[in-house]
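A.B. asks: One structure coming up, written as C-alpha cells, with questions to follow.
Every number in this text was worked out from the coordinates using simple rules, so none of it is lab data. What you see is a predicted model; the values in this text were computed from it and never measured. Positions of Cβ are backbone-derived with ideal geometry, glycine not excepted, and every protein chain shown enters the neighbour counts.
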Amino acid sequence: MALKLRVYVPNHPLVQHWLGVARDEATPSVLFRSAMTELGRWLTYEAIRDWLPMMENGVQTPLAPCPANFINPDVPVAVIPVLRAGLSLLDGAQTLLPLASIYHIGLARDEETLEPTCYLNRFPDSFQPDTRILIPEPMLATGGTMLTVMEELTKRGASPEWVRIISVVAAPNALQRLGDRYPEVVIYSAAIDEGLNDQGFIVPGLGDAGDRTFGT
Ligand SMILES: O=P(O)(O)OC[C@H]1O[C@H](OP(=O)(O)OP(=O)(O)O)[C@H](O)[C@@H]1O
Ligand SMILES: O=c1cc[nH]c(=O)[nH]1
Ligand SMILES: [Mg+2]
C-alpha cells in the first residue's frame, strides 16, 4: 500500500552525524542529550521551511528602500513536546522558534499491550485553525502515541495541514497508520528504520529514547 503522508529524511551531514552518535549504545547519557538537542535544532530548521507564516514589510537600508520579508507575528506558532522523550528535542526547536508557545503532553506506552496512556495534557481549550504546530517526538514506533496526540489536537480545532512532526527514527508501521488517518501531516525524520521487534522497539533504532535522555 502506498504511503499517503509526506516524510522527508534530510540528507544533511549534521543530521546524519548526530543520528550516528545517538544510535551508538556506547554514547553516554550526557552526549546522547547533546545529540538529541542538535537533531532537534537541524530537524526544526528543515521542518519550518514553507511553513512559518511570512509577511512583506519594506525597510529603509542606510542606502535605499528595500523589500523585506518577516515572520508574521499574528499567526500563532505552537510546539508540542511529547513527554518524556520529546523533551530531548525541545531545546533545539525552541532556539529556532523562541516566540512559540510550548504545550506539553505526556504519554507512556504499556510495555505489554503497547497502548499509550495520557498522564498529562497542558493543551489550551482550543487552537486557532491556522496555528502552526510542531511536534517533537523522537520515536514513531507503532504510531499509537502520535495518533493520540493528533486526536487531542484536532478535537481542539488544530488543522492537520499545519502540523509538522520532527522525529529521529520512524518505523514503517507508524508512518502507515499516521498516513491513513492524517495524510496532510508532514514528517521530518533523521531516519526511517526497518521495523519493530517483539517488544515494540524500533530496529535498529536507538533503544529507549526516554531512558537514555534521562538516565533511567
Ligand atoms: O509509536 P509508539 O509505539 O506509540 O511509541 C513511541 C513512543 O514510545 C516512547 O514513549 P514511552 O512510552 O517509552 O515514554 P517515555 O518517552 O516517557 O520514555 C517514545 O518516547 C514515544 O513517545
Ligand atoms: O524503539 C523505541 C520505541 C519506542 N520508544 C522508544 O524509546 N524506542
Ligand atoms: Mg520510554
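A.B. asks: Could you give the radius of gyration (one decimal) and Dmax (whole number) of the Cα atoms in the range 93-169, in Å?
C.D. replies: For the range 93-169, the Cα-based Rg and Dmax read 12.8, 39 Å.
A.B. asks: Here's a follow-up. Considering only DSSP beta bridges where both residues belong to the range 120-205, give the percentage that are antiparallel (nearest 5).
C.D. replies: 15 percent
A.B. asks: Set the Förster radius R0 to 41 Å, insert the Cβ-Cβ distance between Lys4 and Asp208 as r into 1/(1 + (r/R0)^6), and round the FRET efficiency to 0.05.
C.D. replies: 0.90
A.B. asks: Looking at the chain, which longest stretch skips every one of the GluC sites (Glu not before Pro) that is in a DSSP loop with at most 14 other Cβ atoms within 10 Å, leaving the sites themselves out?
C.D. replies: In the chain, the maximal stretch lacking such sites is 26-110.
A.B. asks: Now, a different point. Compute for the chain: radius of gyration divided by Kirkwood radius, i.e. Rg/Rh, restricted to C-alpha atoms, rounded to two decimals.
C.D. replies: Result: Rg/Rh = 1.00.
A.B. asks: Specify the residue with the greatest mean-square fluctuation among Pro53, Pro138, Pro13, computed from a Gaussian network of the chain linking alpha-carbon atoms under 10 Å apart.
C.D. replies: In this elastic network of the chain, the residue with the biggest mean-square fluctuation among Pro53, Pro138, Pro13 is Pro13.
A.B. asks: Might you report the magnitude of the Cβ-based charge dipole of the chain about its Cα centre, with Lys and Arg at +1 and Asp and Glu at -1, to the nearest 20 debye?
C.D. replies: 400 debye
A.B. asks: Can you tell which of Leu96, Pro67, Tyr119 lies farthest toward the positive end of the dipole of the range 67-122, using +1 and -1 charges on the Cβ of basic and acidic side chains (Lys, Arg; Asp, Glu)?
C.D. replies: Pro67
A.B. asks: Another one. When DSSP beta bridges are limited to those with both residues in the chain, what percentage is antiparallel, rounded to the nearest 5? It would help to have the intermediate numbers written out before the result.
C.D. replies: Details: 12 of 34 bridges.
Bridges in the chain that DSSP calls antiparallel: roughly 35 percent.
A.B. asks: Using Cα springs under 10 Å in a Gaussian network model of the chain, which residue among Asp180, Asp74, Asp193 shows the largest mean-square fluctuation?
C.D. replies: Asp74
A.B. asks: In whole percent, what relative contact order does the chain give with Cα contacts below 8 Å and a gap of six or more residues?
C.D. replies: That works out to 25 percent.
A.B. asks: Could you state, as a whole-number percent, how many of the C-alpha pairs of the range 57-145 are farther apart than 14 Å?
C.D. replies: In whole percent, the share of Cα-Cα pairs in the range 57-145 beyond 14 Å is 71.
A.B. asks: Give, in whole angstrom and from largest to smallest, the semi-axes √(5λ) of the equivalent ellipsoid of the range 115-216, with λ running over the eigenvalues of the Cα gyration tensor.
C.D. replies: Sorted largest first and rounded, they come to 24, 16, 12 Å.
A.B. asks: I've got another one for you. For the pair Asp125/Phe70, report the inter-label distance in nm, with labels modelled 7 Å from Cα in the Cβ direction.
C.D. replies: 3.2 nm
A.B. asks: Hey, another quick one. Springs between alpha-carbon pairs under 10 angstrom, Gaussian network model over the chain: which of Tyr182, Tyr103, Tyr119 fluctuates most?
C.D. replies: Tyr119
A.B. asks: Hey, what do the phi angles of the range 18-28 turn into as Karplus ³J(HN,Hα) couplings, whole Hz, using 6.51/-1.76/1.60 and θ = phi - 60°, x for Gly and Pro?
C.D. replies: 5, 5, x, 5, 5, 5, 5, 5, 7, 6, x
A.B. asks: May I pose another question? Percent of Cα-Cα pairs per 5 Å bin, from 0 to the last occupied bin, for the range 1-86, please list those.
C.D. replies: 3, 10, 14, 15, 15, 14, 11, 8, 5, 3, 1, 0
A.B. asks: Quickly rank 3-9, 195-201, 129-135 as a protection proxy: mean count of other C-beta atoms within 10 Å, highest first.
C.D. replies: Numbers: 3-9: 15.4, 195-201: 12.6, 129-135: 20.0.
So the order, starting with the most tightly packed, is 129-135, 3-9, 195-201.
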